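Report on the following structure.
The values are calculated or read from the model by the stated rules, or taken from the named source; none is laboratory data. For clarity, every value in this text was computed on a predicted model and none was experimentally measured. Heads up, the Cβs are rebuilt from the backbone with ideal geometry, glycines too, and the neighbour counts pull from every protein chain shown.
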Amino acid sequence: MHHSLSYTPTPAPSVFHTDRGERVDMRDVVPQDTLLLADLLLRLSDATRWLRYFAPGPQSFARAWQEATRMAQPRTRHHAALIATIRHGDSEVAIAVAEVVRDQRTATIGELAIVVRDDYQTQGVGSALSGRLALSARAMGITTVRADMLYQNRAAQRLMRRVFGPATATRDRDVVTMIAHLSNAISCSM
Ligand SMILES: CC(C)(COP(=O)(O)OP(=O)(O)OC[C@H]1O[C@@H](n2cnc3c(N)ncnc32)[C@H](O)[C@@H]1OP(=O)(O)O)[C@@H](O)C(=O)NCCC(=O)NCCS
């Protein structure tokens, strides 16, 4: 096997400005982000949680904390997570989180998941964070990304094509699985 599975540092934190001109910082998740992530999960609307989890998702503080703890684990060779934050006075507030998890059977495939807080959707945050995630995935030796989304989820399908380029899509009942090659991702072609 020629692909590298060794740990490679992800790119430095970066700054993005939303379509409304608001500054957003994007960086690796660290364990200290658990509270920020739990707060983000608890603020999601029912509809957004459903689109992310295909189920009601974390609704109580205990479940949100559990999910946030999972997301905030230190980066490994098999899992990377990025967080997007804004400044609110002196504090940092999470508005999005994106993850890539290596497929257990095919090491060069990564499973993507992302959620953007409702009031920050449609402003380019999901695209920017996914572009960064493409770099993290590539640093993990991942060459192909896969994402499951509900059939009705046009935003996720458009995001996937916008960021990762040509993608194949297969449908099984309500769920669409999209697969794309990282060599076509916008952040990797620069
Ligand atoms: C999917 C999601 C991450 C997109 O994030 P976002 O920040 O709103 O996306 P962007 O603003 O970067 O837009 C990305 C693309 O989606 C399109 N889009 C965004 N919201 C849309 C909507 N409600 N309906 C249709 N298209 C939409 C944008 O127009 C853009 O496509 P384009 O470049 O072809 O115009 C966000 O809507 C979300 O968190 N949804 C709930 C969770 C989810 O669905 N996760 C994906 C499955 S794990």
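State yes or no: is THR122 β-branched (Val, Ile, Thr), surrounded by fewer than 15 Cβ atoms within 10 Å (Cβ to Cβ), outside any strand (DSSP E or B) and within 8 Å of the ligand (Cβ to nearest atom)? Judged against the criteria, THR122 is a match.
Among residues belonging to region 76-101 that are among the charged types (D, E, K, R) and more than 13 Å from the chain's Cα centre (by Cα), point out the one that is farthest from SER136 (Cα to Cα). Result: ASP90. Say whether the condition of being under 13 Å from the mean Cα position of the chain (by Cα) and not in a strand (DSSP E or B) is met by at least one residue in region 26-40. Yes, the conditions are met somewhere in region 26-40. Picking from residues in region 62-75 that are over 28 Å from GLY141 (Cα atoms) and in contact with a helix residue (DSSP H, G or I) (Cβ under 7 Å, 6 or more places away or on another chain), the one that is nearest to the ligand (Cβ to nearest atom) is ALA64. Pairs are defined by a Cβ separation below 8 Å, a sequence spacing of at least 6 or placement on different chains, a first member in region 89-115 that is more than 17 Å from TYR53 (Cβ to Cβ) and in a loop (DSSP other than H, G, I, E, B), and a second member that is within 16 Å of the ligand (Cβ to nearest atom) and basic (Lys, Arg); the pairs so defined are ASP103/ARG146. Selection of region 74-90 for residues being at pLDDT below 95 and of a type in the set (S, T, N, Q) yields only THR76.
Hey, could you check region 125-138 for residues that are more than 6 Å from the ligand (Cβ to nearest atom) and aliphatic (A, V, I, L, M) and say which is surrounded by the fewest Cβ atoms within 10 Å (Cβ to Cβ)? Give the steps one after another, and end with the answer.
To start, the set of residues in region 125-138 that are more than 6 Å from the ligand (Cβ to nearest atom) comprises 128-138.
From what's left, aliphatic (A, V, I, L, M): 128-129, 133-135, 137.
On the way: ALA128: 24, LEU129: 26, LEU133: 27, ALA134: 26, LEU135: 20, ALA137: 29.
Across region 125-138, the extreme among qualifying residues is LEU135.
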